[in-house]
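*Asks:* This is the structure I want to talk about, given as structure tokens.
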Amino acid sequence: MRLVKNHHTNFFCALVLISTICACSETSAQHTGKPDSVIFKKIILTRDFISEGVATGDVNHDGMMDIMAGSFWFEAPEWKKHEIVRGISFSPDTAFSNSFLDFSLDVNQDGWIDLIRVGFPGKEIVWYENPKNKPGYWVMHTIYNHIGNESPAFVDIDGDGRPDILCNDPVEKKIVWFKSPSVKGDTIWKKYIISNDTDLATNVYTHGLGWGDINQDGHPDVIITKGWWESPKDVTQSDWLFHPANLGDDCSQMYSLDLDGDGDSDVISASAHNYGIWWYEQVKDEKGIINFKKHEISRAFSESHGFALADINGDGYPDLVTGKRYFAHNGKDPGAFEPSVLYWFEYRPGKSPEWIPHYIDDNSGV
């Protein structure tokens, strides 16, 4: 997360850590109208804008979880900053970073966590090899020279226990996935084609991508705002069957799960550049064809350009974590100058599921 515009004083930008410190306390009552069940502590790691993404992992093998972002890693517990490559900072008012998403994985399976960096849409995706506590920069390896979609997913597509990369190829105009190396010492990411249809979600800046079992056949599917590709048993085959559906406006990540307890899979997403967080109820017509009915969760803030599901309060249900990304279009989006809030929405299942908003911070965003 990057700490962004302070609407009370001056502009500044930072990477922050916001960690759960208590699951039973009274806080944020002025935002939710009642005591909150979880409180957080904010730690500023750097006031520079260095990355859109962030990843975690035990970089130096000391048993503690470190933070990686762009060209730096921050050593726990004091969060000392180290360079992965030559350090780069950016101006958040006029530019984007070269690190839209970061993921951590022991790519070559040598026992040390590495960093995967997804560049600006249409640019490179690379991984940096952990030097195992030796001095010097991490060696960079190119996975692919150009990948598209603004929210490439890091998911296990072939079920081998290692996450793969789901995205598009904006040059070849295809929906693709890259298989992570599965043999120790191997570092080759093999590309497989999901769809050759150049009209479906193949633009550099395509928004909205998910991985979930829509038809509940035991095989997760690829989800976009225009519908979903049905996963075959052999995920390495090309031209998966596409099912058109209306899954809303441009969004960030998309998740599929049974939200209303009726036994089928629904979809949840959030607006990338406007107001709105939604869930889409799966409904079938008289022919058994899957459609979706839109339900709004919140319009409290705009530019929720990234969000995640996680059980924040330990009740066994996935909660929604998101906030407002500062200047997602350099100040041109609706609500761009409003506070960069961060929230978690408590999920309460039922026939008419609820998401209870819990305010975390008004100067962090996502």
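The values are calculated or read from the model by the stated rules, or taken from the named source; none is laboratory data. Here the structure is a predicted model, which is why all the values come from computation and not from measurement. Don't worry about glycine lacking a Cβ; one is built from the backbone with ideal geometry, like all the others, and counts go over all protein chains shown. Side chains are part of the model used for accessible areas, which takes the heavy atoms of the whole protein and leaves out ligands, DNA and RNA. Shrake-Rupley method; radii C 1.70, N 1.55, O 1.52, S 1.80 Å.
*Asks:* Summing Lys, Arg as +1 and Asp, Glu as -1, what charge do residues with Cβ under 13 Å from the Cβ of residue 271 carry, residue 271 excluded?
*Replies:* Here the count lands on -2.
*Asks:* On to the next question. Report Rg(Cα)/(2.2 N^0.38 Å) for the chain, keeping two decimals.
*Replies:* Relative to the 2.2 N^0.38 Å estimate, the chain comes out at 0.98.
*Asks:* Now a separate question. Measure off, as a whole percent, the carbon and sulfur share of the 1.4 Å-probe accessible area of the chain, all protein chains present. Spell out each step's value before the answer.
*Replies:* Numbers: 7970 of 15740 Å².
Carbon-and-sulfur percentage of accessible area, whole number: 51.
*Asks:* Moving on to the next point. I need the phi-derived Karplus couplings for region 111-116: 6.51 cos²θ - 1.76 cosθ + 1.60, θ = phi - 60°, integer Hz, Gly and Pro marked x.
*Replies:* Those phi angles translate into x, 10, 6, 10, 10, 9 Hz.
*Asks:* Is there a quick way to get the dipole size of region 150-216? I mean about its Cα centre, with the Cβ of Lys and Arg at +1 and of Asp and Glu at -1; what is the value in debye to the nearest 20? If you can, show how the numbers build up before the last one.
*Replies:* Details: 7 positive and 11 negative charges, 47 e Å.
Using only the charged Cβ atoms, the result is roughly 220 debye.
*Asks:* Can you list residues from other chains, or at least 5 along the same chain, whose modelled amide H is less than 5 Å from the amide H of residue 228?
*Replies:* Amide H neighbours of residue 228, under 5 Å, 5+ apart: 243, 245.
*Asks:* Just the number please: accessible area per residue for region 247-342, 1.4 Å probe, all protein chains included, in Å².
*Replies:* Here the per-residue accessible area is 39 Å².
*Asks:* Rounded to whole Å and sorted largest first, list the principal axis extents of the Cα atoms in region 300-344.
*Replies:* That works out to 39, 14, 11 Å along the principal axes.
*Asks:* Please give the net charge around residue 294, taking every other residue with its beta carbon less than 15 angstrom from that of residue 294, where Lys and Arg add +1 and Asp and Glu add -1.
*Replies:* Counting the neighbours of residue 294, the net charge comes to -3.
*Asks:* Report ³J(HN,Hα) in whole Hz for each residue of region 121-138, in order, from the Karplus equation J = 6.51 cos²θ - 1.76 cosθ + 1.60 where θ = phi - 60°; Gly and Pro get x.
*Replies:* Karplus-based 3J(HN,Hα) across region 121-138 equals x, x, 9, 6, 10, 9, 10, 10, 7, 4, x, 6, 6, 7, x, x, 6, 6 Hz.
*Asks:* Using a cut-off of 11 Å between beta-carbons, work out the net charge of the residues near residue 146 (Lys and Arg +1, Asp and Glu -1, residue 146 not included).
*Replies:* The answer is -2.
*Asks:* Oh, and also: Report Rg(Cα)/(2.2 N^0.38 Å) for region 178-223, keeping two decimals.
*Replies:* This ratio for region 178-223 stands at 1.49.
*Asks:* Let me ask you something else. On alpha carbon coordinates alone, what is the Rg over Rh value for region 189-274, Rh being the Kirkwood radius?
*Replies:* Across region 189-274, the Cα-based Rg/Rh ratio is 0.96.
*Asks:* May I have the extent of the alpha carbons of region 202-344 along their three principal axes, as whole Å values ordered from largest to smallest?
*Replies:* 45, 39, 30 Å, listed from the longest principal axis down.
*Asks:* Identify the trypsin sites (Lys or Arg not before Pro) of region 265-297 meeting these criteria: DSSP loop state and at most 16 other C-beta atoms within 10 Å of the C-beta.
*Replies:* 287
*Asks:* Using a simple spin-label model with points 7 Å from Cα along the Cα→Cβ vector, what separation in nm is obtained for residue 42 and residue 219?
*Replies:* Each label point is offset 7 Å from its Cα along the Cβ direction, giving 4.6 nm.
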